[in-house]
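Structure, as structure tokens:
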Amino acid sequence: MTASIEKLAEETGLALKKQGLMLVTAESCTGGGISYWITHIPGSSDWFERGFVTYSDISKMELLGINPQTIENFGAVSEQTAREMAQGALQHSHGDMSIAVTGIAGPSGGSRDKPVGTVWIAWAKREAFVYAEKQLFSGDREAIRQKTIETALKKLLELIE
């Protein structure tokens, strides 16, 4: 899977550079994994502006400006939080596009409503759109994180092109 993620990161970087866009990430359950793969590609400073790793609720509020009511009412793993993370990443950076991820990678932390593998991914383009998708991935913690990174990059590539 890492070879496909590396290829996706490279294709994403080329597409961002071609469009003159800078990416910013806001990551929770991936713990900076998307940023890692983007910056793994030589020349990524041409298309990567910064990454936020906002694992705790308080960091989401402090660094991204997430409304505390959003987390209280919907939870950290929700469409609303993912969307606010994507928007907050843009508001607190010089990026043009963002990816935000929040989820339950396991092995614990799941519930009947939000089982392990539940992930919300959001993408935003400054002054254009915010889009979010819910995913339910299977596998262990590492598999869920890798599938999240791959899905986030695939969709970003689609949205750029």
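What follows draws every value from the coordinates through simple rules; no lab data is involved. Source: prediction; values computed, not measured. No Cβ is skipped: glycine too gets one built from the backbone with ideal geometry, and neighbour counts run over all protein chains shown.
Could you derive backbone 3J(HN,Hα) for segment 81-96 from the dihedral phi with the Karplus parameters 6.51, -1.76 and 1.60 (θ = phi - 60°), listing whole Hz in sequence and x where the residue is Gly or Pro?
My calculation for segment 81-96 gives 5, 4, 5, 5, 5, 4, 5, x, 4, 5, 5, 10, 7, 10, x, 9 Hz in order.
Could you rank the peptides 26-38, 116-128 by their average count of other C-beta atoms within 10 Å per residue, with the highest value first?
26-38, 116-128
What net charge is computed for the residues neighbouring Arg126, neighbours being all others with C-beta under 13 Å from the C-beta of Arg126, Lys and Arg scored +1, Asp and Glu -1? Let's see the in-between values first.
Details: positive: Lys125; negative: Glu49, Asp96, Glu127.
Taking every other residue near Arg126 into account, the sum is -2.
Return the aspartates and glutamates within reach of Lys7: Cα separation strictly under 13 angstrom, same-chain partners fewer than 8 residues apart disregarded; answer none if there are no such residues.
Result set, ordered by chain and number: Glu150.
For Lys18, go through the lysines and keep the ones whose alpha-carbon is under 16 Å away, minus same-chain ones fewer than eight residues off.
Lys125
Counting DSSP beta bridges with both partners in the chain, what percentage is antiparallel, nearest 5?
On the way: 15 of 25 bridges.
Of the beta bridges lying entirely in the chain, close to 60 percent run antiparallel.
How would you order 40-47, 141-148, 101-108 from highest to lowest mean count of nearby Cβ atoms within 10 Å? Walk me through the numbers on the way to the answer.
Working: 40-47: 14.6, 141-148: 19.5, 101-108: 21.4.
Peptide ranking by packing, descending: 101-108, 141-148, 40-47.
Among Ile66, Tyr36, Trp120, which residue has its Cα positioned farthest towards the positive end of the charge dipole of segment 1-146, with +1 placed on the Cβ of Lys and Arg, -1 on the Cβ of Asp and Glu, and the dipole taken about the Cα centre?
Trp120
At what distance in angstrom do the alpha carbon centres of segment 91-156 and segment 21-64 lie from each other?
Answer, in whole Å: 12.
Could you check how many percent of all C-alpha pairs in segment 1-87 are farther apart than 23 Å?
Summing the P(r) tail past 23 Å for segment 1-87 gives 31 percent.
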